[in-house]
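Engineer: Before I ask anything, let me first share the structure, which is written out below as structure tokens.
The values are calculated or read from the model by the stated rules, or taken from the named source; none is laboratory data. Every value quoted in this text rests on a predicted model; they were computed, and no experiment measured them. Glycine also receives a Cβ, built like all others from the backbone with ideal geometry; neighbour counts cover every protein chain displayed.
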Amino acid sequence: MDYTKHTLENGLRILDIPMPGVKSATVFILVGAGSRYEEKEINGLSHFLEHMAFKGTKKRPTALHIASLIDGIGGEFNAFTSKDHTGYYIKAASKHLPLLFDVLSDMLLHSKFASEEIEREKGVIIEEINMYEDTPMRKISDLYENLLYGDTKLGRDVAGRPEVIRSIKREDFKSYISRFYSPSNTIVAVAGGTNIKGKNKKLNVNNLAEKYLGKWEKRQTEKADTVRDLQTKPGVLVRFKDTQQAHLCIGVRSYNLMHADKYKLAVMTNLLGGGMSSRLFIEVRERRGLAYYIRASNEMYLDVGNFVTQAGVDIKRIDDAIKVILEQLGTIAQVPVKPEELKKTKENMKGKLILELEDSRNTAGLFSTNELLENEIRTPEEIMKLIDEVTAFDIRKTAREIFIEKNLNLAIIGPYKEEEKFLNLLKF
């Protein structure tokens, strides 16, 4: 997949990713700031800011103005906040690219942050937090990283805490943008039918970016605190909730985003819990009926990373589920993977990647995230080549490196109060 990269004078990086035959386009703005940049007294502000971007600008004074404009062209728009980046995007027919740039740049640079809108949105965000608290399947991953990283910027929830949300003022948004939003830590990726210029040579991605974002003032931004993995014994965190199903995350500290072996880790993770024929799915759900869902994944930051298996299990058989999961993790570190299983895993990963990249939003997201966080873009073809290069020896070596008993961590939401009995189960 071809792409071009262009950098404006203010440091803003522009990625143009044409997708032949696609008649829609996504303009995707990714800013290198998220919840791990927040002090405790403003925890949740990154996410709150993402909400406020849709609440009106000087040019389009209300949320209705913005929503009506995008609805009027049949487009879709949204945003998201993670711990280390925040994204905003609009997807619509390619002919509307100038409008997409106009609206997104307006939201990014000229949001009003009207006090009455801030007060109104506080209620919305607090209800979002309450929804997560009432959804153990969603909340358990937050709890797992609370356990791993403790009361640090990285360990706190992205959505924040209600008492902090209630205290946020207009000046907090202005200060946050000044500290963390800058052309130098922002990527604009445009994917899909990006060649719309026709007879008008000014209608190309770089010129549109220059027109709408070229005057954004260049400035230095603050960096996130660095986290180090320090663990000497297994850890457990239990959150009591009177549920009919227990939700758990069990895993270990693993590789960071820049680790040379991250694709080996990715293949191993997919083999363990990446689909309905993966080892964990077959052993835990199909053969033993211990869980409704089970999956494995990796969360990688620039400084640290973690491997995790998440499952919703029978509350009366949670001990058995934990034992079987750990048994599967231990086995992959000891018994070589058979060639046919390894081949199936690789083809599964490559097939999923191809399907994902049929969507211009996913394509823009992949390219912009790589450029922002790693300062390097790997094309889908390069990623698939790295997947193909992973061997059975690599899988076993990776498993032996990360599946270390002292680095085990277990978070649970369910009708339990004692942590000690679960701690005793954390053995390979």
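Engineer: In the stretch 295-328, which residue that is of a type in the set (D, E, K, R) and in contact with a Ser or Thr (Cβ under 9 Å, 6 or more places away or on another chain) is farthest from Ile395 (Cα to Cα)?
Structural biologist: Looking at residues that are of a type in the set (D, E, K, R) and in contact with a Ser or Thr (Cβ under 9 Å, 6 or more places away or on another chain), I get Asp303.
Engineer: Taking the stretch 50-72 as the region of interest, how many residues are in contact (Cβ under 8 Å) with a residue 40 or more places away in the chain and in contact with a Phe, Trp or Tyr (Cβ under 7 Å, 6 or more places away or on another chain)? Break it down into steps so the answer makes sense when it comes.
Structural biologist: Taking the stretch 50-72 as the starting set, the residues that turn out to be in contact (Cβ under 8 Å) with a residue 40 or more places away in the chain are 51-61, 63, 66.
Among the residues that remain, those that are also in contact with a Phe, Trp or Tyr (Cβ under 7 Å, 6 or more places away or on another chain) are: 52-53, 63, 66.
Selection size over the stretch 50-72: 4.
Engineer: Leu366 versus (1) among the aliphatic types (A, V, I, L, M); (2) in a helix (DSSP H, G or I); (3) more than 19 Å from the chain's Cα centre (by Cα): which is the lone unmet condition?
Structural biologist: Status for Leu366: all satisfied but (3).
Engineer: While we're here: Tally the residues that are within 30 Å of Asp157 (Cα to Cα), crowded, with 20+ Cβ neighbours inside 10 Å and either among the charged types (D, E, K, R) or not assigned by TED's automatic domain parsing to the domain that holds Tyr176 (or both), restricting the search to the stretch 1-49.
Structural biologist: 3
Engineer: Output the residues belonging to the stretch 228-255 that are over 30 Å from Asp314 (Cβ atoms) and modelled with pLDDT of 95 or more.
Structural biologist: Those that are over 30 Å from Asp314 (Cβ atoms) and modelled with pLDDT of 95 or more: Thr232, Tyr255.
Engineer: Just name the residue that is surrounded by the fewest Cβ atoms within 10 Å (Cβ to Cβ) out of those in the stretch 379-405 that are within 13 Å of Leu342 (Cβ to Cβ) and among the β-branched types (Val, Ile, Thr).
Structural biologist: The extreme case among them is Thr391.
Engineer: Separate question: Name the residues in the stretch 287-313 that are free of Cβ contacts under 8 Å to residues at least 40 places away in the same chain and either among the β-branched types (Val, Ile, Thr) or farther than 24 Å from Ile402 by Cβ (or both), would you?
Structural biologist: If the condition is that a residue be free of Cβ contacts under 8 Å to residues at least 40 places away in the same chain and either among the β-branched types (Val, Ile, Thr) or farther than 24 Å from Ile402 by Cβ (or both), then Arg287, Arg288, Gly289, Ile294 are the ones that fit.
Engineer: Checking Asn78 against (1) modelled with pLDDT under 95; (2) closer than 30 Å to Thr152 by Cβ, which single condition isn't satisfied?
Structural biologist: Only one criterion in (1) modelled with pLDDT under 95; (2) closer than 30 Å to Thr152 by Cβ is unmet by Asn78, namely (1).
Engineer: If Ile73 meets every condition in (1) of a type in the set (Val, Ile, Thr); (2) buried (at least 17 other Cβ atoms within 10 Å of the Cβ); (3) not in a helix (DSSP H, G or I) apart from one, which number is that one?
Structural biologist: Going through (1) of a type in the set (Val, Ile, Thr); (2) buried (at least 17 other Cβ atoms within 10 Å of the Cβ); (3) not in a helix (DSSP H, G or I) one by one, Ile73 breaks only (2).
Engineer: How about the stretch 371-428: which of its residues are closer than 30 Å to Val324 by Cβ, part of a loop (DSSP other than H, G, I, E, B) and hydrophobic (A, V, I, L, M, F, W, C)?
Structural biologist: The answer is Val390, Phe403, Ile404, Leu425, Leu426, Phe428.
Engineer: Ok, one more. Which one of the conditions (1) crowded, with 17+ Cβ neighbours inside 10 Å; (2) in contact (Cβ under 8 Å) with a residue 60 or more places away in the chain; (3) in a helix (DSSP H, G or I) does Lys95 fail to meet, given that it meets all the rest?
Structural biologist: It fails just one condition, (1).
Engineer: Here's a follow-up. Scan the stretch 102-120 for residues that are in contact with a Lys or Arg (Cβ under 7 Å, 6 or more places away or on another chain), crowded, with 19+ Cβ neighbours inside 10 Å and in a helix (DSSP H, G or I) and report the count.
Structural biologist: 2
Engineer: On the given criteria, is Pro234 in contact (Cβ under 8 Å) with a residue 60 or more places away in the chain, of a type outside the set (Phe, Trp, Tyr), touching a helix residue (DSSP H, G or I) at 6+ places or on another chain (Cβ under 7 Å) and farther than 30 Å from Met1 by Cα?
Structural biologist: yes
Engineer: Sort out which residues of the stretch 404-424 are of a type outside the set (A, V, I, L, M, F, W, C) and more than 20 Å from Gln328 (Cβ to Cβ), and write them in order of number.
Structural biologist: Passing the criteria: Gly414, Pro415, Tyr416, Lys417, Glu418, Glu419, Glu420, Lys421.
Engineer: Within the stretch 314-330, work out how many residues are under 13 Å from Glu283 (Cα atoms), touching a residue at least 40 places away in the same chain (Cβ under 8 Å) and surrounded by 15 or more Cβ atoms within 10 Å (Cβ to Cβ).
Structural biologist: Adding up the residues that qualify gives 7.
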